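Scroll down for the structure; my scribbles are underneath it.
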Amino acid sequence: MAKLLHILAAPRADGVSRTRKVAAAFFDAYRQAQPNATIDTLDLFAAPLPEMDALGVEAKLKHQAAEELQGAVAQRWAEIERFVQQFLAADKYVFTAPMWNFGIPYRLKHYFDVIVQAGLTFRFVSGSVEGLAAGRPAALLTSRGADYRPGSPFAPFNQQEPYLKAILGFLGITDFRVAAFEGTDSHGAEERLALAVEQARALARSF
Ligand SMILES: Cc1cc2nc3c(=O)[nH]c(=O)nc-3n(C[C@H](O)[C@H](O)[C@H](O)COP(=O)(O)O)c2cc1C
């Protein structure tokens, strides 16, 4: 039975958030197509993501060096590892995230700083790296104030999709699909929302 992890990084409420409208279309279609699938939602604006401050980095590096972790460092590592294990327990990923400042919302970047861990989500092998989440599909459900479709003047500014593609690829995830509501803030937005909803439904049926 498929286990999907929904990583929600759109802080505005259902009915208000344009990104969540795309997500709602996806999940309606997905539940219809796969009624037995499990869906876990991780709301990144509510989750107690462990800080990757000096203590967080110490925990990361000591774990990576296979050193013994004690006290506060061990405690911080345990918090980090809970998120890593939740990520690894899924076999499909859906990211619901608007474009913010040409990239992803900061809580989603924070999440990657927590879960990208040597020996758990990737490993070093003979001078190279191997992603340990290979073979799992991922999808981005998004909305963006401007239109970033190929050929549009804003297209070169899109750091959101290339970043996600790179970091997921690093974890071995190469099946990366996108449904995007482009140009939420300009004329003709309703038609572009309808397009994104269709895209999201089609994506869900083959996910
Ligand atoms: C903090 C912040 C930064 C944003 N940065 C961009 C941006 O760089 N490019 C863009 O096209 N739209 C940007 N927007 C607009 C949002 O991408 C757009 O309004 C989107 O539909 C918001 O999604 P939501 O309705 O789910 O909150 C930004 C919005 C916010 C709140």
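Look at Ala139 and say whether it is more than 24 Å from Glu81 (Cβ to Cβ) and either of a type in the set (Asp, Glu) or touching a Leu at 6+ places or on another chain (Cβ under 8 Å) (or both). Reasoning before the result, please.
On the way: more than 24 Å from Glu81 (Cβ to Cβ): yes; either of a type in the set (Asp, Glu) or touching a Leu at 6+ places or on another chain (Cβ under 8 Å) (or both): yes.
Against the criterion (more than 24 Å from Glu81 (Cβ to Cβ) and either of a type in the set (Asp, Glu) or touching a Leu at 6+ places or on another chain (Cβ under 8 Å) (or both)), Ala139 qualifies.
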Working only within the stretch 174-192, note down all residues that are in contact with a Phe, Trp or Tyr (Cβ under 7 Å, 6 or more places away or on another chain) and open to solvent by less than 20 Å² (accessible area, probe 1.4 Å). Ala179, Glu182
When Ile173 is evaluated against the numbered criteria (1) assigned to a helix (DSSP H, G or I); (2) out of contact with any Leu (no Cβ under 8 Å at 6 or more places or on another chain); (3) in contact (Cβ under 8 Å) with a residue 60 or more places away in the chain, which criterion, by number, is the only one it fails? (1)
How many residues are open to solvent by 50 Å² or more (accessible area, probe 1.4 Å) and farther than 14 Å from Tyr106 by Cα when one looks only at the stretch 38-47? 2
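This table checks each residue for (1) closer than 25 Å to Val129 by Cα; (2) at pLDDT 95 or above; (3) in contact with a helix residue (DSSP H, G or I) (Cβ under 9 Å, 6 or more places away or on another chain).
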site	(1), (2), (3)
Leu5	yes, yes, yes
Val16	no, yes, no
Ala24	no, yes, yes
Tyr30	no, yes, yes
Pro48	no, yes, yes
Met52	yes, yes, yes
Ala74	no, yes, yes
Checking Pro156 against (1) under 19 Å from the mean Cα position of the chain (by Cα); (2) within 13 Å of the ligand (Cβ to nearest atom), the condition it does not meet: (1)
Odd one out for Asn36 among (1) more than 16 Å from the ligand (Cβ to nearest atom); (2) part of a helix (DSSP H, G or I): (2)
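Which members of the stretch 193-207 meet the condition of being part of a loop (DSSP other than H, G, I, E, B) and either crowded, with 16+ Cβ neighbours inside 10 Å or touching a Ser or Thr at 6+ places or on another chain (Cβ under 8 Å) (or both)? Step through it out loud before you land on a result.
From the stretch 193-207, those part of a loop (DSSP other than H, G, I, E, B) are 206-207; that's our starting set.
Result: Phe207, single match.
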Go through the stretch 111-151 residue by residue and tally those that are more than 24 Å from Leu193 (Cβ to Cβ) and either of a type in the set (Val, Ile, Thr) or within 15 Å of the ligand (Cβ to nearest atom) (or both). 6
Do we have Ala46 as free of Cβ contacts under 8 Å to residues at least 24 places away in the same chain and either within 10 Å of the ligand (Cβ to nearest atom) or farther than 19 Å from Ala179 by Cα (or both) here? yes
Positions within the stretch 60-79 being closer than 19 Å to Phe122 by Cα and acidic (Asp, Glu), in sequence order: Glu67, Glu79
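The values are calculated or read from the model by the stated rules, or taken from the named source; none is laboratory data. Remember, predicted model here, so these are calculated numbers, not experimental data. Glycine gets a Cβ as well: all are built from the backbone with ideal geometry, and neighbour counts include every protein chain shown. Surface accessibility is based on the protein's heavy atoms, side chains included, excluding ligands, DNA and RNA. Shrake-Rupley method; radii C 1.70, N 1.55, O 1.52, S 1.80 Å.
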